[in-house]
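This report refers to the structure that appears directly beneath it.
Here, each number is a calculation from the coordinates, and none is a lab measurement. Values in this document were obtained by computation on a predicted structure and should not be read as measured data. We place every Cβ from the backbone using ideal geometry, glycine too, and count neighbours over all the protein chains shown.
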Amino acid sequence: MDEAIFKFIEDQKLIAMVRVTQVEDTEKVVGAIKKGGIRVIEISETVPNAYKSIEALSKDAELLVGIGNVLNGEDAQRAINSGAKFISCPFTSDEIVSVAKNSNVLVMQGAATPTEAVFAQIDLAAEFIRIFPADLLGGAEYIRRLRSNFSFLKMIPQGGITVENVLDYLKGGSSAVALGGTLVEKSWIRSHDWDQVTARAKQFVEKVESLKVVR
């Protein structure tokens with residue numbers, strides 16, 4: 001695994017999950033997110049022509065592009081062949097980890113319980129643990145409690161992360177956070193209101209920058 005990619009994600013702290021239903025919207029959404037200052041892009045495997053989008057977007061030197069919602073090793077390998085720099089799935093899979101490790105690609109494994117999180121981090125040696133669904137598990141306080149008992153966990157919560165609570169998650173011990181519908185609302189995609197996406201991305205970036213200033 002490229003250490004620079006690991007450090008980039010920890011430094012940026014914001015991962016934009018892209019989930020669209022129309023092929024032509026992928027580039028528009030990513031462009032709006034990038035304009036807002038977010039550089040780590042996760043294309044969901046469910047996006048039409050996801051692998052072609054990853055191949056095209058990975059050529060942008062300003063972006064770190066990976067794939068999310070991967071369900072098996074075959075899809076993980078296909079994404080890697082398309083240029084994905086990281087693999088993310090919402091559950092724990094030794095098959096997916098094995099594929100990523102064999103290709104020297106960073107992997108994020110999903111977990112909900114302390115047992116799953118520790119297993120994924122220690123036994124499977126995943127670089128990051130995707131805590132999902134974070135909001136239903138207890139939010140930022142859940143992250144803080146996990147961190148207080150298992151300080152070695154590199155957690156990236158997903159689910160219910162908003163502009164209002166993002167700093168709570170980061171201060172609680174998250175390495176980064178994954179943003180979905182609170183970053184790109186479905187109504188904005190339907191109306192092609194890319195300026196709203198950019199504005200929301202800027203709000204998240206400003207929050208992260210404020211945290212860095214305090215530190």
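Straight-line cross-link reach from Lys7 at under 30 Å between alpha-carbon atoms covers these lysines, not counting any fewer than eight positions away in the same chain: Lys28, Lys34, Lys35, Lys52, Lys59, Lys85, Lys101, Lys154, Lys171, Lys202, Lys207, Lys212.
Convert 20 °C to kelvin, take the viscosity as 1.002 mPa s, use the Kirkwood radius over C-alpha pairs of segment 3-214 as Rh, and evaluate the Stokes-Einstein diffusion coefficient in µm²/s, rounded to a whole number. Write down the numbers at each step before the final one.
Values: Rh = 16.9 Å.
Rounded to a whole number, D works out at 127 µm²/s.
Mean projection of the alpha-carbon convex hull of segment 132-176 over all orientations, in nm²? Spell out each step's value before the answer.
On the way: hull surface 10.4 nm².
Directional mean of the projected Cα hull area for segment 132-176 stands at 2.6 nm².
The label-point distance for Phe150 and Glu3, in a model that sets each label 7 Å from Cα toward Cβ, rounds to 2.5 nm. For segment 186-211 and segment 1-66, what is the centre-to-centre distance using only Cα atoms, to the nearest Å? If we compute the Cα centre of each part, the gap is 15 Å.
In plain terms, the chain from Asp123 to Asn72 could stretch by 16.5 nm, reckoned as 0.36 nm per residue minus the Cα-Cα distance.
Mean separation of Cα pairs under 8 Å and 6 or more residues apart, divided by the residue count, gives segment 27-133 a relative contact order of 19 percent. Each 5 Å bin, from zero up to the one with the longest distance, holds this percent of the alpha carbon pairs of segment 37-117: 3, 17, 29, 23, 16, 8, 3, 1. Approximating the spin labels as points 7 Å out from Cα along Cα→Cβ, the Thr21-to-Thr115 distance works out to 3.8 nm. Stokes-Einstein diffusion for segment 86-197, with the hydrodynamic radius set to the Kirkwood value over Cα pairs and evaluated at 25 °C in a medium of 0.890 mPa s, equals 168 µm²/s.
Magnitude of the charge dipole for segment 3-214, about its Cα centre and with charges confined to Cβ atoms of Lys, Arg (+1) and Asp, Glu (-1), is about 400 debye.
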